[in-house]
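Colleague: I am attaching a structure below and will ask some questions about it afterwards.
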C-alpha cells in the first residue's frame, strides 16, 4: 500500500505578515498599556488596518526570524496548507546493520571455550518534514543492542558433558533534537540555552523538538546479565539433562527535555482571549500572536 507524505499546518503567508483576516474568531491585543498604549485590551481591528490585522509596530525580531525559516505553504488556506514533499520523519531508524564475531579456544581434548559478540546497530533517521532549523524531529541515537556471551564446554567422559555460559545484553536507546545546531534566536533569560526552544500551537504543526540537544540526557539502557549451566549424561538409550539459570535484568531510564523550554514555560503569563482552545509558544514576546496564528499563549 502506498504511503503518502503528511500534510502539515503552518503559518500562512498572510499570518506571517500579521494578517489574520482569514480567521473567523476575533483576536485582541493584551491588556498591557505599557506595551500597546491605547490599543491595550482592544480588538485588533482598532488598529484601523482591517479585520484581525495586527499593527506592524508590535513586530518581534525573534518571532520574525522563526517564521522566516518556515517553508512556503503549498496552498492558500490557514489549515492543512503544507504538503510535505519528502517524508520519512517518525520512523525509528533508516537502516539496520548486524555484526557478529566469535573466538574459539580448545584446551586439551576436553575443554572448549568460545566467546561470541552480536551487535545490532541502527542508522540515524535524520528525515524532517520541516526545515532542519526548526524541525520537530527527535531521531534516535544511539539505537543499538550488544549481546556478549562466554561459553565453556567441558567433557567429563564419553557419556557426560557440562556446558557453562555467562552473557550480557544491553539495549541503548537515546533521542536528541534534530534542530540542535540551529542558529535561530533562543529564549533569553532561561536557565540554559544549550537546547533549542520548542513551540506548540493548537491545530498547528509544532516548531522545534522537545528532545534535549544531548541524547545522553534522554538515554535508556537495559543491561541484563544471564548465567546458566547444563549437565548432560547418557545412560544407554536415555539422556539426562539438568542445570540452573540465573538472570539479572536492569533498566536505567533518562527522560530529558530542552532546558530552555522548561524554563520558558515558567514565564508564560498572558493569553489572547479566544473562544477556542489556546496554544503555547516558547517565544518570550507577545509578537508571537503576530507571527503565528491567533490561538497563542504569549510570554512577558
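Colleague: Can you tell me the FRET efficiency between residue 94 and residue 116 if r is taken as the Cβ-Cβ distance and R0 is 25 Å, rounded to the nearest 0.05?
Modeller: After rounding to 0.05, the efficiency reads 0.35.
Colleague: Give the peptides 203-212, 130-139 in descending order of average Cβ contacts within 10 Å, highest first.
Modeller: Highest-to-lowest ranking by the protection proxy: 203-212, 130-139.
Colleague: What is the fewest-to-most order of 217, 153 by other Cβ atoms lying within 10 Å of their Cβ?
Modeller: The most exposed by this proxy come first: 153, 217.
Colleague: Evaluate the Debye formula for region 167-226 with equal point scatterers sitting on the alpha carbons, no solvent, and hand back log10 of I(q)/I(0) at q = 0.14, 0.19, 0.24 Å⁻¹, in q order, two decimals.
Modeller: Rounded to two decimals, the profile gives -0.53, -0.76, -0.99.
Colleague: Where does region 54-142 land on Rg(C-alpha)/(2.2 N^0.38 Å)?
Modeller: Against the empirical 2.2 N^0.38 Å value, I get 2.10 for region 54-142.
Colleague: So how do 186, 110 line up by other beta-carbon neighbours within 10 Å, fewest first?
Modeller: So the residues, fewest neighbours to most, are 110, 186.
Colleague: At R0 = 41 Å, how high is the FRET efficiency between residue 170 and residue 26 if r is their beta carbon distance? Nearest 0.05 is fine.
Modeller: In this case the efficiency is close to 0.15.
Colleague: Do me a favour and compute the ellipsoid semi-axes for region 86-232 from its Cα gyration tensor, root of five times each eigenvalue, largest one first, whole Å.
Modeller: Values: eigenvalues 484, 42, 26 Å².
Ellipsoid half-lengths, sorted descending, are 49, 15, 11 Å.
Colleague: If we count other beta carbons within 10 Å of each Cβ, what is the order of 8, 104, fewest first?
Modeller: Final ranking by Cβ density, sparse to dense: 104, 8.
Colleague: Which parts of region 10-28 would a label at residue 43 reach, counting a residue when its backbone N lies under 15 Å from a point 7 Å out along Cα-to-Cβ?
Modeller: It comes to 20-28, nothing else.
Colleague: Taking 0.36 nm per residue of sequence separation and subtracting the Cα-Cα distance, how much length would be gained by fully extending the chain between residue 202 and residue 153, in nm to one decimal? Write out the running numbers ahead of the final one.
Modeller: Values: separation 49, 0.36 × 49 = 17.64 nm, distance 6.29 nm.
Additional length available on full extension: 11.3 nm.
Any read-out appearing in this document is the output of simple, stated calculations on the displayed coordinates, not a laboratory observation. Bear in mind that the values here come from a model prediction, so they are computed numbers and not experimental data. Cβ coordinates were reconstructed from backbone atoms using ideal geometry, including for glycine residues, and neighbour counts include every protein chain displayed.
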